[in-house]
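What follows draws every value from the coordinates through simple rules; no lab data is involved. What you are looking at is a predicted structure, and each value in this text was computed from that prediction instead of being measured. Note: ideal-geometry Cβ built from the backbone for every residue, glycine included; neighbour counts use all protein chains shown.
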């Protein structure tokens, strides 16, 4: 893997400008030389480091090779320098390195104190272990993405270390302390210099080996009370964190549901638009067909003689045929009338005595019509026989 771009030590006057330029170059790398951070959070990483350089000029962004506990090595960003603290009325600078691991900023950074040769780590410090790792800081335990940031972290560490400094100056005859090696840090070859020291900042003033024996008990009580309040505040924040994360997850789930419903609604609107267009085309086709039918009807009704009476639509051959037609029509009409009276009497629409009188009169009339029809039929048969006999050849006797 190619190393990231060079990270020379900036001068104090150009620290902010250097942070901007270096981070723009380092985070824009692609391919084998790209830093192992997610693309959607690189802008946030840049903002965190730039804000840190502005708030604490003694911490400068760099890129170096970090070796994990399992032996993996990766080029990571770091903030290298000192953390200012105030203790017992004096100001001090603690040498420290803030590493940004691959999951950052969704997970907290790794903070290491890097004491010089004349410094030792205070044994059994509540926040710093013997290797220099700041493992129990409340701000790190309650890290919340995306609100947590490096500036607030360093401010919290500066305050807590001022209450209980984790580094002390070696005494002239120090008691034997087991040495615990710090994690290996291999600076990139492009950022190496001829000086063997891995730090590029002024030497840190030494801390006192122990607290003055004449320390005011009121100050001790005040310091302990402040430390307890800070721990309680961070504990409350850590307690509220799961609830806030659950609310965020619920909102994300709701957002996904709304987005899915929006897609369904959009798809329904699109289908309705397509159906509307199809119906409009169908309506146009029907209107065109209607126009064609009306034109055809108008063209084929030109020159017609007008309305024709129903009786004139059928022309009989002779007088007997006409009389037979009239008798048959009257018989059928009387039959329909009697049937209508039967339905009416069943529904109770006409009185029973009125029904009997009407049926009796209609039946009499129907009888006469049928008798007349029978006579006309016989007359037609006789006429037919006569016509056939007239057409037969005559033989002489």
FRET efficiency, residue 229 to residue 25 (Cβ-Cβ, R0 30 Å, nearest 0.05):
0.10
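If R0 is 41 Å, what FRET efficiency do you get for residue 282 and residue 259 from their C-beta distance, rounded to 0.05?
The value I calculate is 0.75.
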What percent of all Cα-Cα pairs in region 263-305 falls into each 5 Å bin, going from 0 up to the bin containing the maximum distance?
5, 20, 12, 13, 10, 8, 9, 6, 6, 4, 3, 2, 1, 0
Calculate the spin-label point distance for residue 364 paired with residue 342, positioning each point 7 Å from the Cα along the beta-carbon direction, and give it in nanometres.
2.2
Modelled label-to-label distance, residue 135 and residue 350, 7 Å Cα→beta-carbon offset: nm?
11.3
At 0.692 mPa s and 37 °C, plugging the Kirkwood radius over alpha-carbon pairs of region 60-175 into Stokes-Einstein gives what diffusion coefficient in µm²/s?
218
For a quick check: sort 163, 332 by the number of other beta carbons within 10 angstrom, fewest at the front.
332, 163
Run the quick spin-label model on residue 243 and residue 381: label points 7 Å from Cα toward the beta carbon, then report their separation in nm to one decimal.
11.2
Considering the alpha-carbon set of region 317-391 alone, what are its Rg and its Dmax in angstrom?
17.5, 60
Going by how many other Cβ atoms sit within 10 Å of their own, how do 338, 83 line up, fewest first?
338, 83
Taking only the alpha-carbon positions of region 217-282 and ignoring solvent, what does the Debye formula give for the base-10 log of I(q)/I(0) at q = 0.17 Å⁻¹?
-0.78
